[in-house]
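What follows is calculated from the coordinates using simple rules that are stated; it is not laboratory data. Only a predicted model underlies this, so the values are computations on that prediction, with no experimental measurement involved. Cβ: placed from backbone, ideal geometry, glycine included. Neighbour counts: every protein chain shown.
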Amino acid sequence: MSTKLVMNQKRESLINEAISAQEKAYSPYSKFKVGAALLTKSGKIFTGCNVENVSYGMTICAERTAVFKAVSEGHTDFEAIAVSASSDQPIYPCGACRQVLAEFNSKIEIFVNHDEKNYTLLDLLPKSFDQEQLDSKN
Ligand code: THU
């Protein structure tokens, strides 16, 4: 099987998982549903949705829900993440979620529904704050 075909299958199945997770969104304030599906290098998928709060700042995005679910179950080796939302437009991970993803894999593949281009986190978050910068302290 060609690499491209395998990549397309991975993309399609992860996007479908994200779309299913989107239905679980708890978003009574924004009414904006977001779903994420995070693939580990061992082939496990963790999904997430956004969870809002009446104290708006307590809201957590779908992507971070998926990451925190995975990490709390002992998985930190991430290969790809797909994101979908209740919009006809592609919805890209917010800055906070990009930084959280960078903690685990600065080159994670990112699949966004309604944007057929495949990204890596490096495309979306160049020059992220990382351990090397932390170590550069005087
Ligand atoms: N949201 C996400 O879940 N992920 C993103 O990458 C962008 C924004 C959620 C947070 C909030 O519940 C709603 O979308 C509107 O900001």
- line: Along principal axes, largest first, the alpha-carbon spread of the chain in whole Å comes out as 49, 46, 29
- line: Going from the fewest other Cβ atoms within 10 Å to the most, one would list HIS114, HIS75 as HIS114, HIS75
query: When only C-alpha pairs under 8 Å and at least 6 residues apart count, what is the relative contact order of the chain, in percent?
result: 19
message: Greater than 27 Å separation of Cα atoms is the criterion. Which listed pairs, LYS4/LYS31; LYS31/LYS127; LYS10/LYS107, meet it?
response: LYS4/LYS31; LYS31/LYS127
Set of aspartates and glutamates with alpha-carbon distance to LYS117 below 17 Å, sequence-local pairs under 8 removed: GLU12, GLU79, ASP88, GLU109
statement: Any chymotrypsin sites (Phe, Trp or Tyr not before Pro) in the stretch 1-97 that lie in a DSSP loop and have at most 12 other Cβ atoms within 10 Å would be TYR29
- line: Note to self, the chain gives a 222 nm [θ] from helices alone (DSSP H runs n ≥ 4, -39500 (n - 2.57) apiece, / all residues, nearest 500) of -10500 deg cm²/dmol
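Using the scaling law 2.2 N^0.38 Å as the reference, what is the normalised Cα Rg of the stretch 37-98?
Values: Rg = 12.2 Å, N = 62, 2.2 N^0.38 = 10.6 Å.
Computed over Cα atoms of the stretch 37-98, the ratio equals 1.16.
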field: Size of electric dipole in the stretch 3-131: Cβ of Lys, Arg +1 and of Asp, Glu -1, about Cα centre, debye, nearest 20
entry: 40
- prompt: Any idea how far the Cα center of the stretch 31-103 sits from the one of the stretch 115-133, in Å?
  reply: 15
